[in-house]
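Coordinate-derived values only; no laboratory data. Worth saying up front: this structure is predicted, and the values here are computed from it rather than measured. Because the Cβ atoms are built from the backbone with ideal geometry, glycine has one as well, and the counts that use them run over all protein chains shown.
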Amino acid sequence: MSDPIEMDVHRILELLPHRYPFLLVDRVTECHPGHSIRAIKNVTVNEPFFPGHFPQRAVMPGVLILEALAQASGLLAFETEGNAPQEGTIFYFVGIDKARFKRPVEPGDQLSLHSEVVRASRGVWKFQGRAEVEGQLAAQAELMCAAREVTG
């Protein structure tokens, strides 16, 4: 396996179409194209969803944890293909299986995102994703994304 690739937020912004407040990957610490990726999301108290989820005890919504895993998986797909998104093409999150939530994610936590390629065929990718906080499993799922043309 070749040396791992790291990505700062500038490279992430080149590859993902997401922007604040929906960009959920802060840094890629290790990417092995065609195999796996490790990334982080720093969960801060000023996230826009916390005032409503929940006012008495802030918890990151599970669907956003899964979205962070999907974004990390998308970064892995782009690095594996060796190109940035093309004009008129986007990767969509198209499926999720076996999602499980094991612990809440709260302000101040650092979410460690890990995703591995299960298979890729004809523009459809399947990944096994895990999100952890301090080595404890927070969520896991099988994720699928697909390259699709954006129509006007």
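What aspartates and glutamates could a cross-link reach from residue 98, if we take a straight Cα to Cα line under 17 Å and drop same-chain neighbours fewer than 8 places away?
Leaving aside aspartates and glutamates fewer than 8 places away in the same chain, those within reach of residue 98 are 67, 116, 132, 142.
What is the angle, in °, between the Cα long axis of helix 62-81 and the longest principal axis of the Cα atoms in the chain? Nearest 10 is fine, range 0 to 90.
20
Order the peptides 42-52, 136-146, 56-66 from the highest to the lowest mean number of other Cβ atoms within 10 Å of their residues.
136-146, 56-66, 42-52
What value, in deg cm²/dmol to 500, does the helix sum -39500 (n - 2.57) over DSSP H runs of n ≥ 4 give at 222 nm once divided by the residues of the chain?
-5500 deg cm²/dmol, from helical runs alone.
Which ³J(HN,Hα) values in Hz, rounded to whole numbers, follow from the phi angles of segment 107-118 under the Karplus curve 6.51 cos²θ - 1.76 cosθ + 1.60, where θ = phi - 60° and Gly and Pro get x?
Along segment 107-118, the couplings run x, x, 6, 10, 7, 9, 9, 10, 9, 10, 6, 8 Hz.
Go through 64, 104, 85 and say which Cα lies farthest out towards the positive end of the charge dipole of segment 35-119; charges sit on Cβ, +1 for Lys and Arg, -1 for Asp and Glu.
Checking the options against the dipole of segment 35-119, the answer is 104.
So, in nm, how far is label residue 86 from label residue 146 when the simple model puts each one 7 Å beyond its Cα toward the Cβ?
1.8
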